[in-house]
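Here is the structure we will look at, set down as structure tokens.
Any read-out appearing in this document is the output of simple, stated calculations on the displayed coordinates, not a laboratory observation. Keep in mind the model is a prediction, meaning the values are calculated, not measured. Methodologically, a virtual Cβ is constructed for each residue, glycine included, from the backbone with ideal geometry; neighbour enumeration extends over all protein chains shown.
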Amino acid sequence: MLLLKFFGGLLIVISGTLCGVYASHKLGNKVKFMEQYLMFLTHARTTVSYTAVPAEELLRESNAQPLLKPLLTDVADKLGNGSSFDNAWRSSFESKEADVLLNKEDRELVCGFGDAFGTSDINGEIEKIGLNFELVKSRLEQMRNELGSKRRIYRILGMFAGVVVTVLIC
């Protein structure tokens with residue numbers, strides 16, 4: 001019976017630790033998403049500067065990474081169906097897929113790009129992309145600092161919660 005309690009307690013501690021690891025992984029994915037979004041903005045600024053391609057083509061041909069690509073494809077599909085850029089962008093980045101990756105403030109920052117894009121000449125578009133790039137860059141620095149401190153805390157709290165539950169049960 002004592003051996004069964006020991007292994008049961010050990011499984012609870014391991015489960016708590018894995019929950020902490022999962023929470024820290026989710027936080028890491030938020031940082032990766034914002035890094036990929038910055039790479040997209042850099043690509044968009046360069047593409048708009050040298051070739052004035054339509055927004056749908058810009059989104060489909062972007063070299064976006066795995067976290068961002070499905071959302072950009074969704075925006076391009078909505079543009080292909082006749083939706084305006086700002087509506088397509090906002091609805092895609094307020095979807096459930098983006099909800100997992102971004103909190104409310106970050107979603108508003110990303111959605112702000114869609115509200116302003118496609119409403120002026122090429123120089124205006126380049127300036128808007130540059131402004132969004134700088135805003136996202138500063139937010140990314142904050143997120144990286146948070147990641148460094150919170151990643152370890154999530155893991156420790158997960159393990160501690162498992163230990164507490166084990167002590168309370170046994």
Would you mind calculating the gained length between residue 51 and residue 4 on full extension (0.36 nm times residue separation, minus the Cα-Cα distance), in nm to one decimal? 10.1 nm
Exposure proxy ranking, count of Cβ atoms within 10 Å, fewest first, for 61, 105: 105, 61
The helix 104-116 Cα axis meets the longest alpha-carbon principal axis of the chain at an angle in degrees, between 0 and 90 and rounded to 10, of 10 degrees
Rounded to whole angstroms and listed largest first, the alpha-carbon spread of segment 1-100 along its three principal axes comes to 72, 26, 16
Taking Lys and Arg as +1 and Asp and Glu as -1, residues besides residue 55 with C-beta under 12 Å from its C-beta add up to -3
Relative contact order in percent for the chain (Cα pairs under 8 Å, 6+ apart) equals 43 percent
Where nothing but the Cβ of Lys and Arg (+1) and of Asp and Glu (-1) is charged, how large is the charge dipole of segment 21-169 around its Cα centre, in debye to the nearest 20? 940 debye
Just need the Rg to Rh number for the chain, please, alpha carbons only, Kirkwood Rh. 1.17
Would you work out the relative contact order for segment 60-139, in percent, from Cα pairs under 8 angstrom that are 6 or more residues apart? 23 percent
Could you tell me how many degrees, from 0 to 90 and to the nearest 10, lie between the Cα long axis of helix 2-50 and the main elongation axis, the longest principal axis, of the Cα atoms of the chain? 10 degrees
Among the lysines, select those whose C-alpha is under 16 Å from the C-alpha of residue 69, and discard any that sit fewer than 8 residues away in the same chain. 30, 32, 78, 96
Beta carbons within 10 angstrom, averaged per residue: use that to sort the peptides 114-127, 1-14, highest first. 114-127, 1-14
Which residue, 157, 130, 12, has the largest displacement toward the positive end of the dipole of the chain when charges sit on each Cβ (Lys, Arg +1; Asp, Glu -1)? 12
For segment 53-58, what does the Karplus curve 6.51 cos²θ - 1.76 cosθ + 1.60, with θ = phi - 60°, yield as ³J(HN,Hα) per residue in whole Hz, taken in order and with x for Gly and Pro? 7, x, 4, 4, 5, 4
